[in-house]
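Each reported figure results from applying straightforward, stated rules to the coordinates on display, with no laboratory input. If you're wondering where the values come from, they're calculated on a predicted model, not measured in any experiment. Neighbour counts run over all protein chains shown; Cβ positions are idealised from the backbone, glycine included.
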Amino acid sequence: MAPRVLLWHRTDLRLHDAPALQAALDLKPEAFFPTWTWNPHYVHRQAVGPNRFQFLLDSMQALSESYAAVNAKQKLHVLRGPPETILPMLFKRWKITHLVYEYDPDPYACDRDEEATKLAEEAGVEVIVKHGFTLYDPRKIIEKNKGKAPIAYGPFCKLIASIGDPAKPIDAPTELPDPGDTSLDEPDRADHDVGPYRERDVNHVSRKGDDHGFDTVLGPNGDFSVPTMEELNLEEATSTIRGGEKLALEGLDAYLEDKKKVINFEKPKTNPAEFDPPSTTQLSPHLKFGTLSCRLFYWRLREVIDGTKHSEPPTSLIGQLLFREQFNTLMSMNRKWRQMLGNPMCRFFDWHLANQYDEEGELKPLDSNPEAEEHLKKWSEGQTGFPWIDALMRQLKETGWIHHLGRHSVACFLTRGHCYISWERGEEVFARYLVDWNSAMNVANWMWLSASQFFHQYYRVYSPIAFGKKHDPSGKLIRRFVPELADIPDKYIYEPWKAPESVQKKAGCIIGKDYPEPMLDEKAAKEDTLARVKASYDLKIMGDDPSALDGSAREKLRAARKDKIDGDDVPDQDGTEESPAKPTRKRQASGQSHDKRKTKQTKLK
DNA sequence: GCTGTGTTGTTCGT
DNA sequence: ACGAACAACACAGC
């Protein structure tokens, strides 16, 4: 039987160097169906803000047009519904013989793809999985290292060096087979139910009204069209970062023009306060959505640096790609990657507002902690009263991007630096607002900054005042993103509460009225948090330790703190003390909704 | 068990 | 501009 191939796009919104696409074409199909399942899990259950939705829709539309440019009969066929019902329908209706997709190391994706593979096999469809999201196949790296991936960067680099160079990129196809007969009657929505997802739509906060993206399965005109922001009823994107393969390749070309910059790139020496233009490549969203192939990026970099004296990993640009490689590899072998409890790679802390689970592994409402809730809310909205932190958080929300070191600064502040709030809460906020959000990079860096893994010198704390000042003494970033402070003199721009009343008046910004007072005493919060971090470090247990899972580690830390406080005769400042007696109070909304959380941790929805 | 290393801290000294 | 003190972590390699 001549092959009829369904290419399931997810992480590979491009035609250049796309191994799954190439594998599909290598089958010499009589009918070829590039397909996207518009998945209600992604639309309603993952925190995604308008900026990232816009980038995704741009990229899907661009891919569809690129297909059509090669073969006018082709397009990206978008079917709106859960993959576990859409795919079996297509297998049958389009008489599919082969399902081809790119390996996605994300834990949710692994579950989803295992289910899809099972369904394909039940339908007698052959499944072909290619790697292309990373330079190497994560499964091969782990196999080569006897089932484990090194957690330290150096050994990881050595390991992949022993495998050799990554494969060279392959060109985009110049011709494509036809799709064959794609005619379908509009399916019954009941067969592709999205109700349970919409009921708990975590993205309702960025909608102007109801989501109409699932009104039909085949699209409003029955032609498998790419959804629009209007159909999704999303607020307008505020970011200027736009998606699509063409923009990715142009961005790459433009960045590589300045060869000196590429050759001497050292990440820690790039400036987190630069935003117009930023001091880094701006290619991360394209790697996230696969509008740019990481192998193409890698080999284009090699072309520039080979034969010259150049910066080296970890600080070089290649070094950045190797971090991406390592974090994706580690994630691929850890289904509890995105949480602390149950995660063997993540140190246990008794953070405020940490995820907790019932016996069935369902998320429970968070413990009440009014002070921490207020801190989280102010942090996520850029209202902490620390201009540097607030500028970065507002930059994140508005532009969908902040510099890596800016991410460090705000993440450290929220977790081990000043607020002692679980990295899981910060990770959610980044997931909503970052255009380049990616589970491997985002989670790994949150673990890094919270000293939960990779980084352990927890006493090195970013100052919310000094760190920014070092890079941007006149506070240009603050003046741009916190306009109420625009006329505060340089001397006070990082600490406006120290400005005399006359100065505040002259600048038209009264602290406590036009801009908030600092939400906490920086020095006292740092000391208190450092002591908590040290106490958790002394426990030396990871998130999957029995005492972490049964709550006894938490109790132990609480009791030790109480002893110490009683001994010192200092009033108790821990807002969690009352929670055992009074289980769960309604939590405040905090930039995103936690109130309807009841996600199965591992099961495919 | 010891030593060196770890992308990217801060403050104070010269 | 750069070095040392701060208080002191984990991990790899020997």
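Do you know the relative contact order of chain A, to the nearest whole percent, from alpha carbon pairs under 8 angstrom that are 6+ apart?
Numbers: 1016 pairs, mean separation 102.8, N = 605.
Normalised by residue count, the contact order of chain A is 17 percent.
With one equal scatterer per alpha carbon and no solvent term, the Debye-computed log10 I(q)/I(0) for region A:245-332 at 0.12, 0.18 1/Å reads -0.36, -0.83. In chain A, taking the dipole from charged Cβ atoms about the Cα centre, the farthest positive-side position among A:66, A:457, A:510 is held by A:457.
Starting from the Kirkwood radius over alpha-carbon pairs of region A:368-417, derive D by Stokes-Einstein at 37 °C in a medium of 0.692 mPa s and give it in µm² s⁻¹. Numbers along the way, then the final one.
Details: Rh = 11.0 Å.
D, rounded to a whole number, is 300 µm²/s.
Between residue A:364 and residue A:122, the modelled label-to-label distance comes to 3.4 nm, taking each label 7 Å out from Cα in the direction of the beta carbon. Separation of region A:155-186 from region A:414-438 is 32 Å, based on Cα centroids.
How far, in nm, would the chain grow between residue A:70 and residue A:505 when pulled straight, counting 0.36 nm per residue and subtracting the alpha carbon separation? Please list the in-between numbers first.
Working: separation 435, 0.36 × 435 = 156.60 nm, distance 6.29 nm.
Gain on extension, residue A:70 to residue A:505, equals 150.3 nm.
Using C-alpha pairs below 8 Å separated by at least 6 residues, the relative contact order for region A:1-157 is 28 percent. Using the Stokes-Einstein relation with a Kirkwood hydrodynamic radius computed over Cα pairs, the translational diffusion coefficient of chain A at 4 °C and a viscosity of 1.567 mPa s comes to 51 µm²/s.
Reported to the nearest whole Å, the Cα centre-to-centre distance from region A:47-125 to region A:468-490 is 45.
Can you give the FRET efficiency for residue A:498 and residue A:189, using 1/(1 + (r/R0)^6), R0 = 45 Å, r = Cβ-Cβ distance, to the nearest 0.05?
Details: r = 60 Å, r/R0 = 1.32.
Efficiency, from the Cβ-Cβ distance: 0.15.
The alpha carbon centroids of region A:325-393 and region A:513-552 are separated by 12 Å. Only helical runs count toward this figure. For chain A, summing -39,500 (n - 2.57) over DSSP H runs of n ≥ 4 and dividing by all residues gives -12000 deg cm²/dmol at 222 nm.
Judged by the ratio a/c of the largest to the smallest principal axis of the C-alpha gyration tensor, region A:171-307 counts as oblate, that ratio being 1.5 or greater while a/b is no larger than b/c. Considering only beta bridges that DSSP places wholly inside chain A, some 15 percent are antiparallel.
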